[in-house]
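Asker: My structure is below; once you've seen it, I'll send some questions.
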Amino acid sequence: MTAPTIRVQSTDFDLQAEISALTAGRKNIGAVVTFTGLCRDEQGALSALELEHYPGMAEAEMLRIGELAIDRFSLLGLTAIHRFGKIMPGENIVLVIAAAPHRQAAFDGANFVMDFLKTSAPFWKKEHAADGAQGDWIAAKDADDTARDRWR
Amino acid sequence: MTVKLVYFAWVRERIGKSEEDLDLPAGVVTVDDLLAHLTTLGEEYENALQFPDVIRVAINQEHVEHGEPIAGAREIGIFPPMTGG
């Protein structure tokens, strides 16, 4: 059984290094799909995002989601990395890499992990406004719940 | 029973602390009971938990529904809907 690689960290990640770590020495992988989520500046209105997480539970929940995805889509490898702390526009927030024999399982696996990560991994985003004003916590979107529920 | 409560995001900000150990009266059996009990502890709790339907709860770092009994809980996390990813 493939075990997911899960990390919660304040530092950035290196996409190519993570793909290489997942595929090194493997000859049965025919497809690798990656998703990277970045911080937007919202047309200049946003100076940074503050990412808060529940230490311990964040890792546990990402591991649970990763195991579900490996099982459901018969993935050959899965990496999920989520950053926390202050993140500037243009910087990376989250990375998901799914490896499978064929493309559809890899696409679906990465998609599934992101949909569940957004709705059940304990992370919260707070906006810092470009004008220096104390920003608001971002509200959860119904569309994210809908995206998750299509996997039922 | 004494339990460790941990708060996150705007729940943490409104209550004004990130965690505390709390002695719970015997009548507090479920998550719903706990949320109702907390709102009696002061205006800051009332402000944080005034719409209990949107509040998410984890017992020992696993998501639970509001009807879940809290017996045996070491740590209870209380937080808004998640917005990571």
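FYI, it's all coordinate maths here, none of it is from the lab. Predicted model, so just to flag it, every value in this text is computed and none were measured. Heads up, the Cβs are rebuilt from the backbone with ideal geometry, glycines too, and the neighbour counts pull from every protein chain shown.
Asker: Just how far, in whole angstrom, is the range A:7-74 from the range B:1-48 if you go by their alpha carbon centroids?
Answerer: When both Cα centres are located, 32 Å separates them.
Asker: If you don't mind, there's one more thing I want to ask. Tell me, in nm to one decimal, what length is gained between residue A:38 and residue A:26 on full extension, where the rule is 0.36 nm per residue of separation less the Cα-Cα distance? Intermediate results must be reported in sequence, preceding the final value.
Answerer: Values: separation 12, 0.36 × 12 = 4.32 nm, distance 2.90 nm.
Here the answer is 1.4 nm.
Asker: Which of the lysines could be linked to residue B:4 by a straight reach, that is with a Cα gap under 22 Å, when you skip same-chain ones fewer than 8 residues away?
Answerer: Those lysines meeting the cut-off are B:17.
Asker: Just to be sure I understand: if I project the alpha-carbon convex hull of chain B onto a plane and average over all orientations, what area do I get in nm²? List each step's numbers first, then the result.
Answerer: On the way: hull surface 20.5 nm².
About 5.1 nm², averaged over all directions.
Asker: Check which residues have an amide H placed less than 5 Å from residue A:30's amide H, if you skip close sequence neighbours.
Answerer: HN-HN under 5 Å from residue A:30: A:100, A:102.
Asker: Also, quick follow-up: Could you count how many Lys pairs in chain A have their Cα atoms under 20 Å apart, skipping same-chain pairs fewer than 8 positions apart?
Answerer: So the count works out to 7.
Asker: Could you work out the helix-only [θ] at 222 nm for the protein assembly as shown, with each DSSP H run of four or more residues adding -39,500 (n - 2.57) and the total divided by the number of residues, to the nearest 500 deg cm²/dmol?
Answerer: Details: 7 runs with 73 residues, N = 237.
Per the formula, -9000 deg cm²/dmol.
Asker: Over every pair of different alpha-carbon atoms in the range B:16-66, take the mean of 1/r and invert it; report that Kirkwood radius in Å. Spell out each step's value before the answer.
Answerer: Numbers: mean 1/r = 0.0848 Å⁻¹.
Its Kirkwood hydrodynamic radius stands at 11.8 Å.
Asker: Once amide H atoms are built 1.01 Å from N in the peptide plane, which residues 5 or more positions from residue A:123, or in another chain, come under 5 Å H to H?
Answerer: Amide H neighbours of residue A:123, under 5 Å, 5+ apart: B:83, B:84.
Asker: Okay, moving on. Given a Förster radius of 22 Å and the C-beta distance between residue B:65 and residue B:43 as r, what FRET efficiency does 1/(1 + (r/R0)^6) yield to the nearest 0.05? Let's see the in-between values first.
Answerer: On the way: r = 27 Å, r/R0 = 1.24.
Efficiency, from the Cβ-Cβ distance: 0.20.
Asker: Using the Kirkwood radius over Cα pairs, work out the Stokes-Einstein diffusion coefficient for the range A:15-95 at 10 °C and 1.306 mPa s, in µm²/s as a whole number. Spell out each step's value before the answer.
Answerer: Values: Rh = 14.7 Å.
In µm²/s, the coefficient rounds to 108.
Asker: I've got another one for you. Using 0.36 nm per residue, how much length does the chain from residue A:131 to residue A:151 gain when fully extended, once their Cα-Cα distance is taken away?
Answerer: On the way: separation 20, 0.36 × 20 = 7.20 nm, distance 4.03 nm.
The residue A:131-residue A:151 span can extend by a further 3.2 nm.
Asker: Moving to a separate point now. Quick one: give the max-minus-min coordinate of the C-alpha atoms of the protein assembly as shown along each principal axis, largest first, in Å.
Answerer: Extents along the principal axes: 60, 45, 29 Å.
Asker: Which length gain, in nm to one decimal place, applies between residue A:74 and residue A:107 when the Cα-Cα distance is subtracted from 0.36 nm times their residue separation? It would help to have the intermediate numbers written out before the result.
Answerer: On the way: separation 33, 0.36 × 33 = 11.88 nm, distance 1.21 nm.
Additional length available on full extension: 10.7 nm.
Asker: From the phi angles alone, apply the Karplus equation (6.51, -1.76, 1.60; θ = phi - 60°) to the range A:122-132 and give each ³J(HN,Hα) in whole Hz, x where the residue is Gly or Pro.
Answerer: Couplings: x, 10, 9, 9, 10, 8, 10, 6, 5, 7, x Hz.
Asker: Using +1 at the C-beta of Lys and Arg and -1 at the C-beta of Asp and Glu, which of A:29, A:10, A:44 has the Cα lying farthest in the positive direction of the dipole of the range A:1-45?
Answerer: Among A:29, A:10, A:44, the one farthest towards the positive end of the dipole of the range A:1-45 is A:29.
Asker: Between A:68, A:76, A:117, which gets the highest mean-square fluctuation from a Gaussian network model of chain A, Cα cutoff 10 Å?
Answerer: A:68
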